[in-house]
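Undergrad: A single structure is presented below for examination.
The values are calculated or read from the model by the stated rules, or taken from the named source; none is laboratory data. Keep in mind the model is a prediction, meaning the values are calculated, not measured. A quick note on method: Cβ atoms are made from the backbone with ideal geometry, for glycine too, and the neighbour counts reach across all protein chains shown. Please note that ligands, DNA and RNA were not included when accessible areas were found on the heavy atoms of the full protein model with its side chains. Shrake-Rupley method; radii C 1.70, N 1.55, O 1.52, S 1.80 Å.
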Amino acid sequence: MRDSSSMRRSTLSGGRTSRFEPILSRAAGASTPVTAIAHPCDATSIATAVDAAAARLIDPVLIGPLAKIDAAAEAAGRDISTLRRIDAPHSVAAAAAAVALVRSGEATLLMKGSLHTDEVIRAALDPALGLRTGRRFSHVYLMDVALYPKLLLITDAAINIAPTLMEKRDIVQNAIGLAHCLGIATPKVAVLSAVETVTPRIASTVEAAALCKMADRGQITGARVDGPLAFDNAINPAAAEEKGIVSEVAGDADILVVPDLEAGNMLAKQLTFLAGARAAGVVLGARVPIVLTSRADTEETHLASCAVAALMAQTRLERADAAVTGP
C-alpha cells in the first residue's frame, strides 16, 4: 500500500502543479469520513478505495459479493485485509446496503463501485429508503484547465438530462454550496446559452434570465449570477468586452451552468480530451455527497473526487455541530 506522500506526488504532471493539490491537502488534514462503496468488484474500484484510504481521504467500507471483491483486490494488487467488508449478492443489493449504511449514520459518504450509475442513484433516490433531501440531485465537474486561472465548476453534465427551471435553481444552488466549501466566498455563476441576449426562440436564454432574477429576489443565494452568457464571454474577458457586456461574472466565471446534460457532457469532455483538463466530480443534493467513479478516469481524478466529497462531508458535520452548540 502506498503512503499519502506518494498519493500527493501523483497530482503533479506535465510540470504544472495540479489545482486539486490544496483540496487533497485539506481533505487529508480533516477527519476521515466512513465511505460506503457499492459493489467495488473491479480493479479500478478497489485501487481507488485502498489508495484514497492510504491518502487519508476516506475510510472505505466495501459492499458487494465478497468473492468478487477479493478477486478484484488480487487483480489490483492491493491489500484489503484491514478494510471492513459487507457481503451483498449482487449490484442492486450492494447499492441498497450502501445507502442503508448512510441512512443509519454509519457512513457519511457514498461511492459508486463497478455498477451502473443508474443503480446507485436509483437506490439513493428511493422515496422510502433513499437519501432524498427535497433538493434535486445534481452533478458538478471540477475542471482544472491549464489556460484558465482557477478551478472551473461545470453543472450538470451527468444526472439531469433536460432540467426544468426550478430544477436548474437546485442545480445552481448545489454548485454554489460546493464553491463555498472550496473557499470561494461569493462564486460567480455564468448561466450558459448559445448567445448572450434573451431570445424567445432559444428557451435556455429565457431560463437564464429567470435564474438571474431569482438570484436578485433571494431564491438563489450566496453568489453573483448572470446570464445568458455564451461560453466565450463567460470565461474570456476580452470576448466579454468585445460584446460590450458589463458584468461582474462575464470573463471570470467560477461556475458554468449548462442548458442540459448533452451540452454539459460535451463541454466537460472537450476540455478533458482537447484542452488536457484534469477533472473531478461529485453528486450533490442528497443527504451526503456521492462519488461517481469511472474506469476511464485517471487515478488523480478518483482521488480528487474523493477529496472534494470528503471536504463536503466535513463541512456538513461542522455546520451540524455549530447548530447544536449554538454561537
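Undergrad: Classify the stretch 81-145 as rounded, prolate or oblate from the Cα gyration tensor: take a ≥ b ≥ c as the square roots of its eigenvalues, call it rounded if a/c is under 1.5, otherwise prolate when a/b beats b/c and oblate if not.
TA: Oblate is the answer for the stretch 81-145, as a/c is 1.5 or above yet b/c matches or exceeds a/b.
Undergrad: Still on this structure, please answer the following. How far, in nm, would the chain grow between ALA75 and GLN270 when pulled straight, counting 0.36 nm per residue and subtracting the alpha carbon separation?
TA: Length gained between ALA75 and GLN270: 67.0 nm.
Undergrad: Calculate how steeply helix 66-76 sits against the longest principal axis of the alpha-carbon atoms of the chain, using the helix alpha-carbon long axis, and give the answer as 0 to 90 degrees to the nearest 10.
TA: 70 degrees
Undergrad: In addition: State the Cα centre-to-centre distance between the stretch 28-56 and the stretch 219-267 in whole Å.
TA: Taking the Cα centre of each part, the stretch 28-56 and the stretch 219-267 sit 34 Å apart.
Undergrad: Too long at a 28 Å Cα-Cα cut-off: which of LYS168/LYS243; LYS68/LYS269; LYS112/LYS188; LYS112/LYS269; LYS112/LYS213? Write down the numbers at each step before the final one.
TA: Numbers: LYS168/LYS243 26 Å; LYS68/LYS269 31 Å; LYS112/LYS188 30 Å; LYS112/LYS269 20 Å; LYS112/LYS213 36 Å.
Flagged as over cut-off: LYS68/LYS269; LYS112/LYS188; LYS112/LYS213.
Undergrad: In the chain, what percentage of the DSSP-assigned beta bridges are antiparallel, given to the nearest 5?
TA: Roughly 35 percent of the beta bridges in the chain run antiparallel, per DSSP.
Undergrad: What shape does the stretch 66-178 take by its C-alpha gyration tensor, where a ≥ b ≥ c are the square roots of the eigenvalues and a/c under 1.5 counts as rounded, a/b above b/c as prolate, and the rest as oblate?
TA: Oblate is the answer for the stretch 66-178, as a/c is 1.5 or above yet b/c matches or exceeds a/b.
Undergrad: Can I ask one more? Between ALA203 and LEU147, what is 0.36 nm times their sequence separation minus the Cα-Cα distance? Round to one decimal in nm. Before the final figure, lay out each step's value.
TA: Numbers: separation 56, 0.36 × 56 = 20.16 nm, distance 3.05 nm.
That works out to 17.1 nm of additional length.
Undergrad: Determine the gain in length on full extension of the stretch LEU165-THR117; use 0.36 nm per residue of separation and subtract their C-alpha separation, reporting nm with one decimal.
TA: 14.9 nm
Undergrad: Sticking with this structure for a sec: Shape of the stretch 200-262 from its Cα gyration tensor (a ≥ b ≥ c, root eigenvalues): rounded if a/c is under 1.5, otherwise prolate when a/b > b/c, or oblate?
TA: Details: a/c = 1.64, a/b = 1.24, b/c = 1.33.
In terms of gyration-tensor shape, oblate.
Undergrad: Provide VAL283, VAL34 ordered by accessible surface of protein heavy atoms (probe 1.4 Å), highest first.
TA: Numbers: VAL283 0, VAL34 40 Å².
Highest to lowest solvent-accessible surface, that is VAL34, VAL283.
Undergrad: ALA296 versus ASP232, label points 7 Å from Cα toward the beta carbon: distance in nm?
TA: So the label points at ALA296 and ASP232 sit 2.8 nm apart.
Undergrad: While we're looking at this one, here's another question. Okay, helix-only estimate at 222 nm for the chain: each DSSP H run of n ≥ 4 adds -39500 (n - 2.57), divide by all residues, round to 500 deg cm²/dmol; what do you get?
TA: -13500 deg cm²/dmol
Undergrad: Shifting gears a bit: Per residue, how much accessible area does the stretch 209-313 show when a 1.4 Å probe rolls over the protein heavy atoms, in square angstrom?
TA: Result: 41 Å² of accessible area for each residue.
Undergrad: Could you state the principal axis extents of the C-alpha atoms in the stretch 273-315, from the largest down, to the nearest angstrom?
TA: On the principal axes, the stretch 273-315 reaches 34, 16, 15 Å in Cα extent.
Undergrad: Okay, moving on. How far is helix 261-273 tilted off the main Cα axis of the chain, in degrees rounded to 10, range 0 to 90?
TA: Helix 261-273 sits roughly 70 degrees off the main axis of the chain.
Undergrad: What does the convex hull of the Cα atoms come to per residue for the stretch 128-216, in Å³?
TA: On the way: hull volume 12.1 nm³, N = 89.
Enclosed volume per residue, from the Cα hull, is 136 Å³.
Undergrad: Continuing with this model, one more query. How big is the stretch 173-327 by Rg and Dmax over its Cα atoms, in Å?
TA: For the stretch 173-327, the Cα radius of gyration and maximum Cα-Cα distance read 17.0, 52 Å.
Undergrad: Could you tell me which label, among (1) 1.05; (2) 0.93; (3) 0.99, carries the value of Cα Rg over 2.2 N^0.38 Å calculated for this structure?
TA: (3)
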